[in-house]
Amino acid sequence: MKKAIVTIENQSGLHARPASSFVAVAQKFESEIQLAKDGNAINAKSIIGILGLGVSLGDQVEIIAEGNDEVEAVEALVHLVNEELKHQ
């Protein structure tokens, strides 16, 4: 199991377009991936789940992956949040 905590720096949080981008990257991996906030964990490959978490600017979330490509999955999602989603 691989985990990482990231702070959301996107002005709109993980809503609509950023959530869609997050799901698209998560779906590229075979590992089971969860996104957790405030003790609630959801399937990170589900846009409905991500939108339901209500992730806003400044929130800390935990990315949790388990499977053959867990390290790559977490690294890709951390990069997405820290670099690419800042500008969406």
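The values are calculated or read from the model by the stated rules, or taken from the named source; none is laboratory data. This is a predicted model, so every value here is computed, not measured. Note that each Cβ is placed from the backbone with ideal geometry, even for glycine, and that neighbours are counted across all protein chains shown.
Checked against the criterion of being surrounded by fewer than 17 Cβ atoms within 10 Å (Cβ to Cβ) and either of a type outside the set (S, T, N, Q) or outside any helix (DSSP H, G or I) (or both), the candidates 61, 71, 55 yield just one match: 71. Being in a helix (DSSP H, G or I), on the phi < 0 side of the Ramachandran plot and among the β-branched types (Val, Ile, Thr) is a property that residue 50 has. Scanning the range 11-49 for residues that are of a type in the set (S, T, N, Q), modelled with pLDDT under 95 and out of contact with any Ser or Thr (no Cβ under 9 Å at 6 or more places or on another chain) returns a single hit, 11. Restricting attention to the range 51-72, the residues being touching a residue at least 60 places away in the same chain (Cβ under 8 Å) and over 10 Å from the mean Cα position of the chain (by Cα) number 4.
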